[in-house]
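Report on the following structure.
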2 protein chains.
Amino acid sequence: MGSAMAKVFADGGHDVRLWGTWLDDPMLEPCERGDEHPRLKLKLGKLSFYRAARLADALAGAELVVSAVSSDGVVPVWTKAASLVPDVPVLSPTKGFLVARSGKMARVDQTVAEVAGRHVHYVHASGPAKAIEIARNVPTLMTFAGAAASVCAKAMAAPHIHISTTADIAGAEVCSALKNAYATGLGIWDGLLGADSHNARAAWFTQAIDEMSRVVVAAGGHIETAYGGAGVGDLHVTAAAGRNRLFGEHIGRGKPAKAVAEELAAIGQLTEGYPAIKSAWQYTRELGVERLPLLKALYEIVWENKPVDETVKKVVLTV
Amino acid sequence: MGSAMAKVFADGGHDVRLWGTWLDDPMLEPCERGDEHPRLKLKLGKLSFYRAARLADALAGAELVVSAVSSDGVVPVWTKAASLVPDVPVLSPTKGFLVARSGKMARVDQTVAEVAGRHVHYVHASGPAKAIEIARNVPTLMTFAGAAASVCAKAMAAPHIHISTTADIAGAEVCSALKNAYATGLGIWDGLLGADSHNARAAWFTQAIDEMSRVVVAAGGHIETAYGGAGVGDLHVTAAAGRNRLFGEHIGRGKPAKAVAEELAAIGQLTEGYPAIKSAWQYTRELGVERLPLLKALYEIVWENKPVDETVKKVVLTV
């Protein structure tokens, strides 16, 4: 997603520096040579590339920083970057809940502020937006959430992207963190009943939005956020395609979740849904949100090996 | 849908009489012989069949009436049936807007009451529920709306169906009428950009829910109805599969809507989306609902032959 966003900024005439951790070397190398980006399958355009060691150079004098690390990368990367990031807006598509120093689960913006030890002008970028389609100029809606959302929206302006903005960073981050979990559930129906289970999938989708809206409110967000792009929209795109849906499909066929996650990881398909279900369940337990039967069922199936069939059927029919 | 609901009632132990208009003879005939229902591809179970002329017999002493005619059939069928329908709950999945005697567009329940010339205990049955999957026991969520919703929900109780009830008949009927229109729009993206247009489809889905919620409120309904099964859920199932999506896909490839509707009709695929877009646009004009760029774009493409590409791209990117 970082590369796709970098392309959009570069196409918009900005001077873009794309920095990667040492894990990103295989991705940066062809780009440096002017070849296609290995995942996006297209050339990124006019931008500069920075390997892991050159973090300070990449950040020096930046007017806006895009922080597109995975949720696992937030603490290690921000530990290095915090003192180097200028006092400018930070736009981040990173999603998930992270363990704070207190031992409790926190949102990504809260974790970044804790690691940085200061206020960060953090803006969360949520979908519905698949990276590869952003890069390929498919018409896309995004939602930016945070005090500096409008500044970031103006900076990332592009003919194919419409960005709506909100101050509700809590709501938007909660939606982004939860959608991978619920998308896994949609995939479970495919695996369990096959393609002709539209009714069951639509029931799950409806109830997932209902649960998301209640977690959003419990987290101090606005309920409308769950009904907009960050909620309804992003769950739609995540459930229609992608690894979390596939992860769910395998589970629906009766395979244990841990085995599925390992198999998919072995072919380079990391499934965010797997850890997302655990951290979302923990986050909502700490927040004391009641009546989340779908999330509970996902947790029980994926992390406690409960039988998939009766567990998902029961919740869809009793909510 | 009438046959699928009849099967559920019969499986639930009710004494069910399935009546059909003369148009339904080819459907009733194999059922009368004990063969499979030609569309649902399964046997309906223990129920009695009534041909068109036996309407009075079919309705005599009924404790609950299911009115599952198409929107075109509402006025002709209710003109015949009104004096024969007992003073019992009427459960109806019929969706759409109809022309009232005043010449203005009205909801189905309003039209039924006008034709009957009396109060009807009308309950609207909305999805997300494909008929064939209801008949095949796929887990399904339904929403019944109206004063007698709970009575109807109790009567149609089945192990695979969860029915939520609401008094908001206006909101639920508006959602049901609009979903065929907006589902057509989702199909347009498939035709226009191919399968890899998830972002555009999710943007459209999000904005469609937003428009639906505003029409619901303007019609005197509750905004929550648009965010539940009748809105989010039913648009999800309609957009994922079905004729309206297919209708949109052909239009997205650049074929004029009228020609597509005629071609599909010739192979027995009537597309409700075609007239639904016109009647929905007219209904919202009469109601004075502003800011419906998606519905306006659909009307312009389908009924005024505006170029599909720029019309849909513009609205998704400017909402």
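Work out the P(r) tail for the stretch B:70-109: percent of alpha carbon pairs separated by more than 11 Å, whole number.
Percentage above 11 Å: 69.
Please report, in cubic angstrom per residue, the volume enclosed by the convex hull of the alpha-carbon atoms of the stretch A:262-319.
Looking at the stretch A:262-319, the number lands at 83 Å³ per residue.
Hey, can you grab everything whose amide H is under 5 Å from the amide H of A:Met105? Only 5+ residues off in sequence or another chain; H modelled, so Pro and N-termini drop out.
When sequence neighbours closer than 5 places are left aside, the close amide H contacts are A:Ala100.
Can you give me the P(r) profile for the stretch A:139-188? Cα pairs, bins 10 angstrom wide beginning at 0, each as a whole percent.
The calculated distribution, bin by bin, is 24, 40, 28, 8.
If every alpha-carbon in chain B counts as one equal scatterer, what log10 I(q)/I(0) does Debye give at q = 0.07, 0.12, 0.15 1/Å?
-0.27, -0.81, -1.24
Distances longer than 15 Å among the Cα atoms of the stretch B:171-253: what percent of all pairs is that?
51 percent
Whole-Hz Karplus ³J(HN,Hα) for the stretch A:234-240, in order, using 6.51 cos²θ - 1.76 cosθ + 1.60 and θ = phi - 60°, x for Gly and Pro?
For the stretch A:234-240, the Karplus-derived couplings read 6, 5, 4, 6, 6, 7, 6 Hz, x marking Gly and Pro.
Can you pull the one-decimal nm distance between simple spin-label points at A:Glu29 and A:Asp72, each 7 Å off the Cα toward Cβ?
It is 2.1 nm.
Charges at C-beta only: +1 for Lys and Arg, -1 for Asp and Glu. How large is the resulting dipole of the protein assembly as shown about its Cα centre, in Debye rounded to 20?
Rounded to the nearest 20 debye, it is 120 debye.
Largest first and to the nearest Å, give the Cα extent of the stretch A:2-167 along each principal axis.
Computed over the stretch A:2-167, the largest-to-smallest principal extents equal 44, 35, 26 Å.
So which GluC sites (Glu not before Pro) in the stretch A:232-319 end up in coil per DSSP with only 13 or fewer other C-beta atoms within 10 Å?
For GluC sites (Glu not before Pro) across the stretch A:232-319 that sit outside H, G, I, E and B with at most 13 neighbouring Cβ atoms in 10 Å, the list reads A:Glu290.
Compute the separation of the alpha-carbon centres of the stretch B:1-54 and the stretch A:1-77 and state it in Å as a whole number.
Here the answer is 62 Å between Cα centres.
For the modelled label position 7 Å from the Cα of B:Lys46 along Cα-to-Cβ, which residues of the stretch B:1-30 have backbone nitrogen atoms closer than 19 Å?
Correct set: B:4-19.
Would you please give the FRET efficiency between A:Arg101 and A:Glu263, computed as 1/(1 + (r/R0)^6) with r the Cβ-Cβ distance and R0 = 30 Å, to the nearest 0.05?
0.30
Can you work out which chain A residue has the shortest Cβ-to-axis distance for the rotation that carries A onto B, and give it in Å?
Here the nearest residue and distance are A:Tyr227, 3.
Given the rule -39500 (n - 2.57) for each run of at least 4 DSSP H residues, summed and divided by the residues of chain B, what is its mean residue ellipticity at 222 nm, to the nearest 500 deg cm²/dmol?
Roughly -15500 deg cm²/dmol at 222 nm, from the helical runs in chain B.
Just the projected area, averaged over all directions, of the convex hull on the alpha carbon atoms of the protein assembly as shown: how many nm²?
Directional mean of the projected Cα hull area for the protein assembly as shown stands at 28.1 nm².
List, in order, the whole-Hz ³J(HN,Hα) value for each residue of the stretch A:310-317 obtained from phi through the Karplus relation with A = 6.51, B = -1.76, C = 1.60 and θ = phi - 60°; use x for Gly and Pro.
Result, rounded to whole Hz: 5, 5, 6, 4, 4, 5, 5, 9.
Treating only the Cβ of Lys, Arg, Asp and Glu as charged (+1, +1, -1, -1), what charge dipole size does chain B show about its Cα centre? Round to the nearest 20 debye.
Dipole magnitude for chain B comes out near 160 debye.
From the label point of B:Gly12, set 7 Å along Cα to the beta carbon, how far off in nm is each other copy's matching point, shortest first?
5.4
May I ask you to derive the relative contact order of the stretch A:1-142, considering only C-alpha pairs under 8 Å and at least 6 residues apart, and to give it as an integer percent?
Here the relative contact order equals 23 percent.
In the structure shown, do any of A:Lys313/B:Lys46; A:Lys41/A:Lys130; A:Lys179/B:Lys296; A:Lys154/A:Lys179; A:Lys130/B:Lys314; A:Lys46/A:Lys154 have a Cα-Cα gap over 22 Å, and if so which?
A:Lys313/B:Lys46; A:Lys179/B:Lys296; A:Lys154/A:Lys179
Can you give the direction-averaged projected area of the convex hull of the alpha-carbon atoms in the stretch A:170-318, in nm²?
Hull-based average projected area comes out at 7.7 nm².
Label-to-label distances across copies for B:Ala157, with labels 7 Å out along Cα→Cβ, in nm, shortest first?
The projected label point of B:Ala157 is separated from its counterparts by 6.0 nm.
From the backbone phi of the stretch B:167-176, what are the Karplus-calculated ³J(HN,Hα) couplings (6.51 cos²θ - 1.76 cosθ + 1.60, θ = phi - 60°) in whole Hz, Gly and Pro given as x?
7, 7, 5, 4, x, 5, 5, 4, 4, 4
Taking every eigenvalue of the Cα gyration tensor of the stretch A:1-81, multiplying by 5 and rooting it, what semi-axes result, largest first, whole Å?
They are 19, 15, 12 Å, listed from largest to smallest.
Which far-off residues, 5 or more places away or on another chain, put their amide H under 5 Å from the one on A:Tyr50, with H placed in the peptide plane?
Those lying under 5 Å, H to H, from A:Tyr50 are A:Leu18, A:Trp19, A:Gly20.
Just want to confirm a number: the relative contact order over chain A, from Cα pairs under 8 angstrom separated by 6+ residues, in percent.
For chain A, the relative contact order is 15 percent.
List, shortest first and in nm to one decimal, how far the label point of A:Ile267 (7 Å from Cα along Cα→Cβ) is from its counterparts in the other copies.
Ordered by increasing distance: 3.2 nm.
Under the 0.36 nm per residue contour assumption, what length would be gained going from the current alpha-carbon distance of A:Arg39 and A:Glu286 to full extension?
85.2 nm
What net charge do the residues around B:Ala167 carry, taking every other residue with its C-beta under 14 Å from that of B:Ala167, with Lys and Arg at +1 and Asp and Glu at -1?
So the surrounding residues net to -4.
In a shell of Cβ-Cβ distance under 11 Å around A:Ala10, excluding A:Ala10 itself, what net charge do Lys and Arg (+1) and Asp and Glu (-1) give?
+2
What is the stretch B:254-319's relative contact order, in percent, from Cα pairs under 8 angstrom and six or more apart in sequence?
35 percent
Each value in this text was obtained by applying a stated rule to the coordinates, not by laboratory testing. Given the structure is predicted, the values throughout are model-derived calculations rather than measurements. Cβ atoms come from the backbone with ideal geometry, glycine included; neighbour counts cover every protein chain shown.
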